[in-house]
Protein chains: 2
Amino acid sequence: MPVGTQATVKGLSQRDLWEDLKAPIILANTYHLFLRPGHELIRDLGGLHKFMSWPGAILTDSGGFQVFSLSDLRRISEEGVTFQSHLDGDTHIFTPASTVDVQLALGSDIMMVLDECPPWPVSHEAARASMERTVRWAERAFSHYRPKIAESPTRHALFPIVQGSMFPDLRKECTERLLELDADGYAIGGLSVGEPRPFSMEMVEASEPLLPKDRPRYAMGVGMPDELPEYVARGIDMMDCVLPSRNARNGWLFTSEGKVVIKHAKHRADPGPLDPACSCYTCRNYSRAYLRHLFQAGEILFSSLATRHNLRRYLDIMGEIRQSILLGQFPEYLKTVRDKHAGTAEPA
Amino acid sequence: MPVGTQATVKGLSQRDLWEDLKAPIILANTYHLFLRPGHELIRDLGGLHKFMSWPGAILTDSGGFQVFSLSDLRRISEEGVTFQSHLDGDTHIFTPASTVDVQLALGSDIMMVLDECPPWPVSHEAARASMERTVRWAERAFSHYRPKIAESPTRHALFPIVQGSMFPDLRKECTERLLELDADGYAIGGLSVGEPRPFSMEMVEASEPLLPKDRPRYAMGVGMPDELPEYVARGIDMMDCVLPSRNARNGWLFTSEGKVVIKHAKHRADPGPLDPACSCYTCRNYSRAYLRHLFQAGEILFSSLATRHNLRRYLDIMGEIRQSILLGQFPEYLKTVRDKHAGTAEPA
């Protein structure tokens, strides 16, 4: 899922995203939209789909992660999390019920419960307390959500989030307790918080066997291109990540042959496309030399062209994975990716 | 002509410019491209059209104006202008011959001679000296250009530039002397240097009757939307201006009903398009409320969407002018624009 933090995937029009990239779903950030322009304004204007002119599906996070990462002052209590806006310092509170209401106002297709995402590393004791609060918050979110959604003419799924830091026993216990909510899908949170990659994979492995096979499993905030098949191999169906778009703006481009750091002098006079194997608008129309020029000159067209490419690369990888699964060839595909990654870990 | 300073109209892909806006010609800046990425690199990569993937025509200025406006240290002599790069402080020289060579390396369709553009106001004596140097430089540029172009398999026009500050007698004399060059077209420079608008119009009026009717006349660096028909009424065929794109990025939008300052609170919850009469991608897909949100959030998509609209507005105005001329109704059109402008001079 491309990330559209502030109701826009940075630098891309809806035509770029929908008609060209054919992205079926994007993620938007509840925290950001709650603060600006405000969920009530978006609701009054017909919801987030209409506001941002987006015909596809939208998943919204609960805002909890952003409160923990962006807000200077925050205080967690059983009621919820009180925080100061990073924009103007105003004090707000997110509760399990209020974040459901905000996401319903946005008209999100897939909503997330408010969770607590502890920093890493953290003690087992603190991780347990945090996980247990996350479970209680999820229960409260569902108690608020069920009667609301029963009356709603439109459908909006709500996913609980598995936490438990890097402790497999806590991950398992959290998963088991969240299963009682009988949700439409389940998210695995608390990954990509600075932990070594084997830990992230191990935490997914701890939860996955317990999750129902007929419901989507969503690994939040991952990952690098070579990690996508690793998560799928561990039973994950959905992922979101700012890496393709953020790295694009910083001139790190993902190709079928590995990473390209566009500012490197060797691309200065290169008339070839970024990735000859890529069908994106950027690769069909522009050379590495031109992209490097735009990057060096600080031109905003660079961000737009680079983001289109990196998102195309991510969507292509997911397409390859789906295709190989349908053909019964996923194990071979995974091996190929692992072998290739071992040979191209350094930037091109 | 949309302005593509660094081989990109800021924020727009070639599809936006060529397929959507159907801009037939853009302007690129010799000074900027000479410094970065360098005209020799662009020549080696097949010229500017290929480098920036642009199928339309390209006009390049001579770089003189940028030297005067951007370079900290510059020294004018009969030979040319010595200046320090605003990027790295390196010293370079532009001569009448070298700027032709740079523009030929770029593969420009319409090139400009090196001229001296004095600040405003300036004494008659200084303006005369500067104008006379501009004429001598134009003669040297053509002496260099003629044998080169005689051997060239491709066509590249070279326009001299009428100068003379705000003195009609100098403008007339400059025009008469430049006519001896029998150029494919003529530019009127030294406008938009801070002078009141009636002065700019008067300077065009001083030159225009002398210029051949069968050659394009190009007013450099103008103007506001309501000024376009005024220049055409004074015999001008071509104009370029950064106003539509620069104002777009700053949130000043031109509509058929006047200016819109998008940050104004009254647009906060406005579900309507920027300009209901506009057919651009932005007006067909987004609301004022969404555009204001993008602007307030500092999102780069705003620059792209706003630039598309403002350039569409400028191209629409030029289209209306052409249509009214073909129908023999230009005087009525001009009167309508003047009446409308008198009523909507304030931002909406």
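The values are calculated or read from the model by the stated rules, or taken from the named source; none is laboratory data. Bear in mind the structure is a predicted one, so any value in this text is a computation, not a measurement. Cβ: placed from backbone, ideal geometry, glycine included. Neighbour counts: every protein chain shown. Side chains included, ligands, DNA and RNA excluded: accessible areas come from the protein's heavy atoms. Shrake-Rupley method; radii C 1.70, N 1.55, O 1.52, S 1.80 Å.
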Quiz item: If you go through region A:27-41, how many residues are in a loop (DSSP other than H, G, I, E, B) and either hydrophobic (A, V, I, L, M, F, W, C) or over 30 Å from A:G298 (Cβ atoms) (or both)?
Solution: 1
Practice problem: Check every one of the helices (runs of 4 or more DSSP H) wholly within region A:143-236 and list those with 2 or more residues that are among the basic types (K, R) and open to solvent by 20 Å² or more (accessible area, probe 1.4 Å). | Solution: A:168-179
Exercise. Scan (1) away from chain B (no Cβ under 12 Å); (2) closer than 20 Å to A:S71 by Cβ for the single condition A:N29 breaks and write down its number.
Key: (1)
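Determine whether A:Q323 is open to solvent by 30 Å² or more (accessible area, probe 1.4 Å), within 11 Å of another protein chain (Cβ to nearest Cβ) and not hydrophobic (A, V, I, L, M, F, W, C). Lay out the reasoning, then the answer.
On the way: open to solvent by 30 Å² or more (accessible area, probe 1.4 Å): yes; within 11 Å of another protein chain (Cβ to nearest Cβ): no; not hydrophobic (A, V, I, L, M, F, W, C): yes.
Considered against the rule, which asks whether it is open to solvent by 30 Å² or more (accessible area, probe 1.4 Å), within 11 Å of another protein chain (Cβ to nearest Cβ) and not hydrophobic (A, V, I, L, M, F, W, C), A:Q323 comes out as no.
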Practice problem: Go through A:S85, A:S143 for me and flag whichever is at pLDDT 95 or above and either of a type outside the set (D, E, K, R) or under 21 Å from the mean Cα position of the chain (by Cα) (or both). | Solution: A:S143
Quiz item: So B:R284 fits all but one of (1) modelled with pLDDT of 95 or more; (2) surrounded by 19 or more Cβ atoms within 10 Å (Cβ to Cβ); what number is the exception?
Solution: (2)
Self-check item: Residue tally, condition within 19 Å of B:I93 (Cβ to Cβ) and at pLDDT below 95, over region B:116-135
Solution: 2
Self-check item: Subset of region B:254-306 that is among the aromatic types (F, W, Y) and not in a loop (DSSP other than H, G, I, E, B) - its residue that is farthest from the other protein chains (Cβ to nearest Cβ)
Solution: B:F254
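Here's the yes/no breakdown for (1) within 23 Å of A:D16 (Cβ to Cβ); (2) modelled with pLDDT under 95; (3) out of contact with any helix residue (DSSP H, G or I) (no Cβ under 8 Å at 6 or more places or on another chain):
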site	(1), (2), (3)
A:S192	no, yes, no
A:R197	no, yes, no
A:Y218	no, no, yes
A:A233	no, no, no
A:P244	yes, no, no
A:G251	yes, no, no
A:E257	no, yes, yes
A:R268	no, no, no
A:D275	yes, no, no
Quiz item: Out of (1) among the aliphatic types (A, V, I, L, M); (2) within 18 Å of B:A183 (Cβ to Cβ); (3) in contact with a Ser or Thr (Cβ under 7 Å, 6 or more places away or on another chain); (4) open to solvent by 30 Å² or more (accessible area, probe 1.4 Å), what's the single condition that is false for B:L114?
Solution: (4)
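Sort out which residues of region B:241-261 are of a type in the set (S, T, Y) and within 16 Å of the chain's Cα centre (by Cα), and write them in order of number.
Step one: filter region B:241-261 for residues of a type in the set (S, T, Y), giving B:245, B:255-256.
Selection gives B:S245 alone.
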Practice problem: Identify the single condition in (1) open to solvent by less than 10 Å² (accessible area, probe 1.4 Å); (2) away from chain B (no Cβ under 11 Å); (3) touching a Leu at 6+ places or on another chain (Cβ under 7 Å); (4) not small (G, A, S) that A:M1 does not satisfy, given that it satisfies every other one. | Solution: (1)
Quiz item: Does region B:122-138 hold any residues that are open to solvent by 10 Å² or more (accessible area, probe 1.4 Å), part of a helix (DSSP H, G or I) and free of Cβ contacts under 8 Å to residues at least 40 places away in the same chain, and which are they?
Solution: B:E125, B:A126, B:A129, B:E132
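Over 28 Å from A:K213 (Cα atoms) and modelled with pLDDT of 95 or more: does that describe A:E79?
Working: over 28 Å from A:K213 (Cα atoms): yes; modelled with pLDDT of 95 or more: yes.
Yes.
Go through region B:10-26 and give me each residue that's assigned to a loop (DSSP other than H, G, I, E, B) and at the interface with chain A (Cβ under 8 Å from one of its Cβ atoms).
We begin by selecting, within region B:10-26, every residue assigned to a loop (DSSP other than H, G, I, E, B); these are B:10-13, B:21-24.
Correct list: B:K10, B:G11, B:L12, B:S13.
Identify all residues within region A:269-282 that are of a type outside the set (S, T, Y) and farther than 13 Å from B:F51 by Cα; write none if there are none. Before you say what the answer is, go through the steps one by one.
Residues of region A:269-282 of a type outside the set (S, T, Y): A:269-278, A:280.
Listed by number, the residues that qualify are A:L274, A:D275, A:P276, A:A277, A:C278, A:C280.
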Practice problem: Go through (1) over 18 Å from the mean Cα position of the chain (by Cα); (2) at the interface with another protein chain (Cβ under 9 Å from one of its Cβ atoms); (3) more than 24 Å from B:D115 (Cα to Cα) one by one and return the number of the condition B:P37 breaks. | Solution: (3)
Practice problem: Identify the residue in region B:96-111 that is in contact with a helix residue (DSSP H, G or I) (Cβ under 8 Å, 6 or more places away or on another chain) and β-branched (V, I, T) and, among all such residues, is surrounded by the most Cβ atoms within 10 Å (Cβ to Cβ). | Solution: B:T99
Exercise. Kindly establish whether A:A57 is within 24 Å of A:R146 (Cβ to Cβ) and touching a helix residue (DSSP H, G or I) at 6+ places or on another chain (Cβ under 8 Å).
Key: no
